[in-house]
Amino acid sequence: MSFKIDRRRFLTGAAIASTSALAGCFDPLLQQDSQVRGFLAKANDLTYRAQRLLLGSDHLAREFSASEIRQPMRPNGVTNPQDADYLALANRGFETYALEIGGLVERPGRFSLAELRAMPARTQITRHDCVEGWSCIAAWTGTPLGPLLDQVGVKPQARYVVFSCFDTLENSFAGPVRYYESIDLLDARHPQTILAYGMNGQALPVANGAPLRVRVERQLGYKMAKYIRAITLADSLTAFGEGQGGYWEDRGYEWFAGI
Ligand SMILES: Nc1nc2c(c(=O)[nH]1)N[C@H]1C(S)=C(S)[C@@H](COP(=O)(O)O)O[C@H]1N2
Ligand SMILES: [Mo]
């Protein structure tokens, strides 16, 4: 275990050192054919396969008791999206919000918050570990993703669940670059993977991803997309963002961020 953590520190350190030292310049991690990218990709693939072998698909992340909640849940990354479509929803208390589910599914659909709240619910008190080295413990309430996927009918060729978010992190020549993330179907169907609309017994605050954010409890914080607009089932990640599976993955982070 300690070997894995040390290696993660090393990989993460390498990614951060590289992006900060070369900010605004050429970044070898962003070159898909570079040796560094190849090394990271292989290491990530090894971590992925080793963890899938060791932990299997149903290993649960540790859950804590209410007295262990460490508040406040420190908001991180984008905490107050200013995108017009998001603000329009927020100003009406997310009453008109509807989660879109599409891609490789039999029955694409839209689900309002009221509909999501009426589905089976799960509350779990878990620890959130950010790659920056801090963690928080909070209670999350939401509906398990697995049964919702069954409801829309995942097509057999689907391999990934992609979360598209409302928030813009930067503007490029091609337009706004929005946060996105992706997980495999094992994590998507894990019993602790929920679409959360509540935190510490309250409605999910805007800072922590209102109206809907995913909790993928066996992964690092950046995998847990906030401000979810749509979920797309896909057989490949190349069509999304820069093709590495997430906003931070496109900037050198590992796609499989198991802890
Ligand atoms: N849409 C969106 N999701 C996001 C981020 C973000 O900036 N935008 N930041 C990620 C990171 S790095 C972390 S650690 C967690 C922070 O969640 P919190 O704000 O509830 O602490 O959200 C993740 N999901
Ligand atoms: Mo993070």
Item to check | Mean Cβ neighbour count within 10 Å, used as a protection proxy, ranking 177-186, 117-126 highest first | outcome: 177-186, 117-126
Next on the checklist: With θ taken as phi - 60° and the coefficients 6.51, -1.76 and 1.60, list the Karplus ³J(HN,Hα) couplings across segment 197-211 in order, rounded to whole Hz; mark glycine and proline as x.
Outcome noted: 10, x, 9, 6, x, 10, 4, 4, x, 4, 4, 9, x, 3, x
Next on the checklist: Taking 10 °C and 1.306 mPa s as the conditions, I'd like the Stokes-Einstein D for segment 139-228 in µm²/s, using the Kirkwood hydrodynamic radius from alpha carbon pairs.
Outcome noted: 115 µm²/s
Next on the checklist: Only sites in a loop by DSSP and with at most 13 other Cβ atoms within 10 Å count here; which GluC sites (Glu not before Pro) in segment 75-128 make the cut?
Outcome noted: GLU95, GLU106
Next on the checklist: Taking a virtual spin label 7 Å from the Cα of TRP134 along the C-beta vector, which residues in segment 237-259 bring their backbone nitrogen under 15 Å of it?
Outcome noted: none
Checklist entry - Can you give me the Cα centroid spacing of segment 74-105 and segment 180-259 in angstrom? => result 14 Å
Checklist entry - With the other protein chains left in place, how much accessible area per residue, in square angstrom, belongs to segment 174-228 at a 1.4 angstrom probe? => result 24 Å²
Checklist entry - Per residue, what accessible area does segment 86-139 have, given a 1.4 Å probe and all protein chains present, in Å²? => result 50 Å²
Checklist entry - How large is ³J(HN,Hα), in whole Hz, for each residue of segment 222-232 in order, when computed from phi with the Karplus curve 6.51 cos²θ - 1.76 cosθ + 1.60 and θ = phi - 60°, using x for Gly and Pro? => result 5, 6, 8, 3, 9, 6, 6, 9, 8, 10, 10
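The values are calculated or read from the model by the stated rules, or taken from the named source; none is laboratory data. Bear in mind that the values here come from a model prediction, so they are computed numbers and not experimental data. Cβ sites come from the backbone with ideal geometry, for glycine too, and all protein chains shown count toward neighbours. We work out accessible area using only protein heavy atoms, side chains counted, and drop any ligands, DNA or RNA first. Shrake-Rupley method; radii C 1.70, N 1.55, O 1.52, S 1.80 Å.
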